[in-house]
Amino acid sequence: MSGVWIRCAGAALAAAVGSSMAIAQAAPITLSVDLTDAPRKILHATEVMPVTPGPLTVVYPKWIPGEHGPTGPIENMAGFFITANGQPVKWERDKVDMFAYHIDVPQGVTKLEMKIDFLASSSLSGFSAGGSTSENLALLSWNTVLVYPEGTNASDVMFLPSITTPAGWKFGTALDKDGGLGQSTIFKIVNLEQLIDSPVLAGRYFREIPLAPEITPKHYLDMAADGPEQVELSKEHIADFDRLVRETGALYKSRHYGSYHFLVTLSNEVAHFGLEHHQSSDDRVTATTFTDDREFVLDGLLLPHEFTHSWNGKYRRPAGLATSNYQKPMIGDLLWVYEGLTEYLGDVLAARCGIWTPDQYKQRLSTIAAEYDNRPGRTWRDIQDTATAAQILYAAGGGWDNWRLNVDYYDEGELIWLDVDTTIRKMTDGKKSLDDFVAKFHGLGGNTGPKVVPYTFEDVVAGLNAVVPNDWATFLRSRLDSNSYQAPLGGLENGGYKLTYSDKPNPWSAMADAQSETFNFWYSIGLHAGKSGTVSDVLKGGVADKDGLGPGMKIVAVNGRAYTPDVLKAAIQNAKDSGPAIDLIVENTGFYKVIKLDYHGGERYPQLDRVAGVPDRLDDILKPQTK
Ligand SMILES: [Zn+2]
């Protein structure tokens, strides 16, 4: 194409790992982002792009790594003005590709100055396109404030980024500083891939804690919060994160970053999710997650999960997700490795480092096993399809989720990888485990800077066969392509446990229910209901479904008495065995009716029971590997 800028292949790694930029940049694109209006939910960027005269197309990043879909928030790009030598230059949007802008660069022009605003005013849902700022903090995702030349490789396009923050704010990022003055900071030149992979977390109440300081490369817990008290986590919790860093060394036997920053936003004013990067993670949680013990445990998987992605997802990446730029569609068919294995390893690490006790891990595992063992949607759609369709499933929600399915490759993937791990342990009498696979597969090449080493299904199978020969292809495919109603629970059985139900609430679910104020009647009458009686979902084929309940309805009364979760629980117990059926008065979009639930099985909650005669391989898996 013409109208092109400067390329600099090969410089990415040097810049990314923090060594000086030895390769001269004739002219990188400069990108200056002004965050001083972030509290008013608008970010201002100025991008100066070297060009040559003639037609040029620039594009706004569309497919966002880690989000596995075309989620670039172009609807919130505003104030796009282009000038050349002080004169306005007109752009025209492509009539088919909404992310592409066509420009005719005038004769004699060597650079374009572009103004881009990003409106950080979206709702608190969604991923990095969701709420990202408050009065006292801002999370800058660089992909929201830039365009780049169409058809280029992200690893070839060089950027010189800088930021200006509000007075008194500090920040954390994986980018290396190269200078600055006052509240303005210039970073070292990086390629577009590293730039988009390196968000900045800035805030007034900012705290940075070095983790496991004896280890190189260095690790940091960077926090920005709504208030100063929210970054005051206990010494014990800091020690958990120190051990997390050490345990990843024991597990992966390698690190693929120059330094690693957990960028944790503790705020009720932003979207809540985690987004992985090579050298950092964007972890957005509620304001009290680090200071409320219940929230700390319930959200305990987040940091181990996102950190694990540095190896599984960033360094080793499915070939279909290793695209060369942000306009090329991603293929998600191996997300049961990318996300499923990360879910498994992240949870194991949460237990090994002490965020969870082994009992908490097992309680949680029993809730996953039970949920996926009651998953009618699998009879029409296998888990492989949930991975293939990932790009349309992240935004899916609402009732009947158990029939449509969702991003099931996370938690069902976890069950499959537990099955793999315990099968290896069983076949080798405990001499080998999934840890051996991980050390080779993710530790390939030893310590490196951030780079992508793609893999295929066949590579995964070969890696497992290198640990212990088995028909792993059939092992995996038979689980991934299954249309069984039941979950693959072989990992529990090989681990020395079985899924059973009792009338005692599962402690993990009870904690989660108290947090979310949603109550679990799933394994008895087949529904979830809120504090006020609103039914959030109904299990297809369960008692409530057969007797006429649906999501969105509101249970007003139970056996003639105003609904509370405890009144419904008591009615379920009272109906047990030969007790009376449960009478509900239900409201649906302004209309009322009586529904009789002919159910006599009592309360049912999942738990794990130990199987005599099988080694407790779960306990072996959860043992810390470092002191
Ligand atoms: Zn993930």
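The values are calculated or read from the model by the stated rules, or taken from the named source; none is laboratory data. If you're wondering where the values come from, they're calculated on a predicted model, not measured in any experiment. Cβ: placed from backbone, ideal geometry, glycine included. Neighbour counts: every protein chain shown. To get the accessible areas, we keep the full protein, side chains included, count just its heavy atoms, and leave off ligands, DNA and RNA. Shrake-Rupley method; radii C 1.70, N 1.55, O 1.52, S 1.80 Å.
Assorted remarks:
- Here's the list of lysines a cross-link from residue 576 could span, going by alpha-carbon distance under 30 Å and ignoring same-chain residues fewer than 8 apart: 362, 498, 504, 531, 540, 546, 554, 593, 596.
- Pairwise centroid distance, computed over Cα atoms, of the stretch 46-115 with the stretch 236-275, Å: 35
- Positive end of the dipole of the stretch 384-504 (Cβ unit charges, origin at the Cα centre): among 488, 430, 462, the Cα lying farthest that way belongs to 430.
- Between the exposed loop cleavage positions of the chain, defined as GluC sites (Glu not before Pro) in a non-H, G, I, E, B DSSP state with at most 10 neighbouring beta-carbon atoms within 10 angstrom, the longest gap is 215-516.
- Fully extended contour minus Cα-Cα distance, from residue 447 to residue 394, at 0.36 nm per residue: 15.8 nm
- The modelled label-to-label distance for the pair residue 167/residue 85, using points 7 Å beyond Cα in the direction of Cβ, is 4.1 nm.
- Accessible surface for the chain, divided over its residues, is 38 Å² per residue with a 1.4 Å probe.
- Total formal charge among the other residues, if their Cβ is under 13 angstrom from that of residue 195, Lys/Arg +1 and Asp/Glu -1: -4
- Computed from label points 7 Å out along Cα-Cβ, the spacing between residue 626 and residue 250 is 0.9 nm.
- Residue (of 205, 131, 171) at the positive-pole extreme of the stretch 105-216, dipole from beta-carbon charges: 205
- Label-to-label distance, nm, for residues given as residue 27 and residue 107 (7 Å Cα→Cβ offset): 1.8
- In a reduced charge model with +1 at each Lys and Arg Cβ and -1 at each Asp and Glu Cβ, the stretch 308-359 shows a dipole moment near 340 debye about its Cα centre.
- Only lysines eight or more places from residue 115 in sequence, or on another chain, were considered; those with a Cα closer than 17 Å are 41, 90.
- Net length available on complete extension from residue 208 to residue 124 is 27.7 nm, with 0.36 nm assigned per residue and the Cα-Cα distance removed.
- Two-site FRET efficiency, residue 577 against residue 478, from Cβ-Cβ distance with R₀ of 35 Å, rounded to 0.05: 0.35
- Compactness relative to 2.2 N^0.38 Å, alpha carbon Rg of the chain: 1.02
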